[in-house]
Structure formats: structure tokens, C-alpha cells
Amino acid sequence: DQGRLTEMLGIQFGETDDYRTISLGKYIDKLAERYLNGSMANRKEHKTPASPELPDLVNIATDAKAKADPTLEANYRALVGSLLYSAVTVRPDISYAVGMLSRALNSPTPRLLDEAKRVLQYLVTTKDLGIRYERGVPVRLYGMSDSDWTTRRSTTGFAFFLGGAVIAYLSKKQPTITMSSTEAEIMAASQGALEAIYLRMLLADIGMPANGPTDMYVDNKGVIDISRDYLSNERTKHIERRHLKIRELVLDAILRVQYVASKDNIADIFTKPLDKKTFIPLRTKLLNLPRKEVHWA
């Protein structure tokens with residue numbers, strides 16, 4: 001249609017009476033031609049972007065600190081950089097995998113290059129998927145946060161939603177080693193809380209001020225207890241004050257921390273490699289896809 005935006009910076013835009021969609025099909029095709037040599041034999045079908053071994057492979061590579069072959073390093077950095085563009089624009093479902101791969105940019109291994117190609121192969125398998133925003137739904141901003149305490153440095157994950165789909169998200173290594181799962185979770189929730197402040201201000205600036213506190217959903221009851229009624233004890237006194245900003249926001253009625261079951265916590269997709277059975281339902285909610293994931297042109 002004349003005058004309607006259909007593509008910009010590799011991102012494709014679609015529109016119906018009920019939805020607006022964004023996707024990266026053409027960009028993914030270009031990546032496949034470049035990094036998979038256009039060969040169908042290299043385009044293995046993967047239903048998830050990260051293998052269960054990815055965290056261990058990254059830890060091994062970063063611990064070894066061995067100097068990689070210059071050609072391997074150049075190819076790895078180029079591919080991960082290209083995947084990063086997908087992750088920060090339209091495909092949040094690959095954020096965890098790309099974030100983990102980015103930790104080894106200075107010490108890539110052949111196995112990690114294979115893992116990076118797996119992410120691309122996953123994108124090729126699902127290239128027509130994107131984010132779908134609904135028209136005419138009530139303006140309600142809400143978020144979810146999570147962390148993974150099984151790795152040496154926990155991973156913070158959060159996502160915020162508007163129009164039925166994600167509008168802001170993060171998958172990032174935490175800056176310090178946490179002493180408990182609750183500490184890791186409170187660190188993730190506090191970082192998400194700062195994002196909530198920014199999004200509330202942004203929405204207010206464009207004429208959509210928040211009506212009441214923003215809901216933040218977590219799957220750790222310790223975080224809820226600390227945010228509502230913080231008590232210093234042996235288990236919590238070492239937590240830095242900056243990670244308790246969430247308590248102030250709850251007291252000021254800017255944020256409301258709510259419980260969500262782990263299986264329904266969409267932010268889980270940003271913190272660890274998930275199996276297909278767990279990953280696909282969370283991806284459907286994250287991108288606001290139909291129950292049966294229909295591809296669009």
C-alpha cells in the first residue's frame with residue numbers, strides 16, 4: 001500500500017485490521033546464504049536456539065582463555081554480531097543464546113561456532129515468526145523477571161509487555177556472584193523495576209500515563225516478601241542497597257510485585273536453555289503468536 005511502511009533496516013512490517021506484526025525473514029535468509037553457504041545440508045532444523053551444553057561450553061572457553069585461530073575468531077564474531085541484531089530487534093527468543101555466545105567473543109572454540117550456527121539454523125527454521133501486537137486492547141504495561149542460579153554468574157532476565165506482546169526485554173550476566181537464589185532473583189527484579197520506571201515515563205510522554213502501579217511478576221516468594229516488608233537477617237543483610245530499589249517502588253505504589261508460577265514465567269526464556277516442551281509455549285506468549293503458530297508473509 002502506498003505510504004505504508006513495509007520494511008526498514010531489514011525489519012519487515014505487516015498490518016491487518018486486528019494486528020501489527022514485525023519479522024525478519026529476509027534478513028535471516030541473507031544470514032543463511034552468508035554463514036551456511038546457502039547449502040540445504042547446513043540448514044538443520046532446530047526447534048530451540050540453545051543446546052543444554054551451551055553454558056558449560058562458554059565456561060570452558062572463558063576459563064581456558066586460549067587464543068583462538070584468527071579465522072575462527074573473525075567468523076565467530078561476525079556471526080554472533082549478526083545474530084545480536086536479530087536478538088535486539090525482533091527475535092527476543094534468541095536473546096539468551098546470543099548473550100551466552102557473546103561472553104566468549106575473545107576465546108571462541110569450534111564447538112561454540114557450531115552453537116552459533118545452531119542459533120542461525122533455529123532462525124531459519126522459524127524465520128517467518130515475529131512479534132504480533134494487537135489493536136484496540138487496553139493499554140496495560142506489565143513485566144516479568146527471572147534469574148538462573150545454576151551458573152557461576154547468574155543471568156538476569158526480564159520482559160515487559162504492551163499490546164499483547166513484548167516491548168522491552170533483557171538477558172544479561174549479573175555483575176556479581178550471588179549467595180542464594182533469592183538474591184539472584186531480587187537482583188533481576190530490581191533491574192526490571194528500573195526498566196518499569198523508564199517505560200512508565202515514556203508512555204506518559206506519549207500521552208498514555210500509567211493508571212496505578214505496574215505489575216511485576218516473579219516466581220520467587222522470597223522476592224515478594226522482601227519487596228513488601230524487608231527484614232534484615234543473616235540471609236539478606238549482605239544484599240547491596242541498590243538491589244533493594246524495588247522495595248522503595250512498592251512503597252511508593254509505582255510497582256506491585258505479584259507471584260507467577262515458574263511454568264508461566266515468560267522471563268524464564270531469557271535465563272537458561274530450555275527444552276522444546278517448555279520453550280515453545282513461552283515463545284508463543286512472548287511474541288503473542290496464535291496458539292497454532294501461523295507464519296505471515
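The values are calculated or read from the model by the stated rules, or taken from the named source; none is laboratory data. Values in this document were obtained by computation on a predicted structure and should not be read as measured data. Counting neighbours? That spans all protein chains shown, and the Cβs are built from the backbone with ideal geometry, glycine included. What goes into the accessible areas is simple: the full protein's heavy atoms, side chains included, and nothing from ligands, DNA or RNA. Shrake-Rupley method; radii C 1.70, N 1.55, O 1.52, S 1.80 Å.
Would you check if there is a residue in the range 42-54 being over 19 Å from L274 (Cα atoms), crowded, with 16+ Cβ neighbours inside 10 Å and touching a Ser or Thr at 6+ places or on another chain (Cβ under 7 Å)?
no
Mind listing just one residue for me: the one in the range 253-293 that is part of a strand (DSSP E or B) and not aromatic (F, W, Y) and, of those, surrounded by the most Cβ atoms within 10 Å (Cβ to Cβ)?
That would be L255.
Might you check whether a residue that is in contact with a helix residue (DSSP H, G or I) (Cβ under 7 Å, 6 or more places away or on another chain), open to solvent by 70 Å² or more (accessible area, probe 1.4 Å) and modelled with pLDDT of 95 or more occurs anywhere in the range 98-106?
No; the residues of the range 98-106 include none that is in contact with a helix residue (DSSP H, G or I) (Cβ under 7 Å, 6 or more places away or on another chain), open to solvent by 70 Å² or more (accessible area, probe 1.4 Å) and modelled with pLDDT of 95 or more.
Residues being in a helix (DSSP H, G or I) and modelled with pLDDT of 85 or more: count how many of those fall in the range 172-183.
Selection size over the range 172-183: 0.
Out of contact with any helix residue (DSSP H, G or I) (no Cβ under 8 Å at 6 or more places or on another chain) and modelled with pLDDT of 95 or more - does that describe any residue in the range 139-150?
Yes: one or more hits.
Got a sec? Which of L112, L120 is open to solvent by less than 30 Å² (accessible area, probe 1.4 Å), within 20 Å of Y27 (Cα to Cα) and at pLDDT 95 or above?
Step by step, each of L112, L120 is checked, and only L120 is open to solvent by less than 30 Å² (accessible area, probe 1.4 Å), within 20 Å of Y27 (Cα to Cα) and at pLDDT 95 or above.
When you look at A32, is it part of a helix (DSSP H, G or I), surrounded by fewer than 16 Cβ atoms within 10 Å (Cβ to Cβ), more than 13 Å from the chain's Cα centre (by Cα) and among the small types (G, A, S), yes or no?
No.
Could you look through the range 63-97, keep only residues that are open to solvent by less than 40 Å² (accessible area, probe 1.4 Å) and in contact with a Ser or Thr (Cβ under 7 Å, 6 or more places away or on another chain), and pick out the one that is nearest to M8 (Cα to Cα)?
If we take residues in the range 63-97 being open to solvent by less than 40 Å² (accessible area, probe 1.4 Å) and in contact with a Ser or Thr (Cβ under 7 Å, 6 or more places away or on another chain), then V90 is nearest to M8 (Cα to Cα).
Rundown of residues vs (1) acidic (D, E); (2) assigned to a helix (DSSP H, G or I), yes/no style:
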{"site": "F13", "(1), (2)": "no, no"}
{"site": "D17", "(1), (2)": "yes, no"}
{"site": "I28", "(1), (2)": "no, yes"}
{"site": "K47", "(1), (2)": "no, no"}
{"site": "Y96", "(1), (2)": "no, yes"}
{"site": "L101", "(1), (2)": "no, yes"}
{"site": "R111", "(1), (2)": "no, yes"}
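May I ask you to list pairs of residues, at least six apart or on different chains, whose Cβ atoms are under 9 Å apart, with the first in the range 61-77 being closer than 22 Å to L120 by Cβ and the second being among the basic types (K, R) and assigned to a helix (DSSP H, G or I)?
A61/R111
If you take the residues in the range 239-297 that are closer than 22 Å to S190 by Cβ and basic (K, R), which one is modelled with the lowest pLDDT?
Among those residues, the one meeting the criterion is R241.
Pairs under 8 Å by beta carbon, first residue under 24 Å from T156 (Cβ atoms) and among the hydroxyl-bearing types (S, T, Y) in the range 100-120, partner assigned to a loop (DSSP other than H, G, I, E, B) and open to solvent by 20 Å² or more (accessible area, probe 1.4 Å), six or more apart or different chains?
Listed by first residue and then by second, the contacts come to S107/K65; S107/A66; S107/K67.
Among the numbered criteria (1) farther than 28 Å from E195 by Cβ; (2) modelled with pLDDT of 95 or more; (3) assigned to a loop (DSSP other than H, G, I, E, B), which one does A66 miss?
(2)
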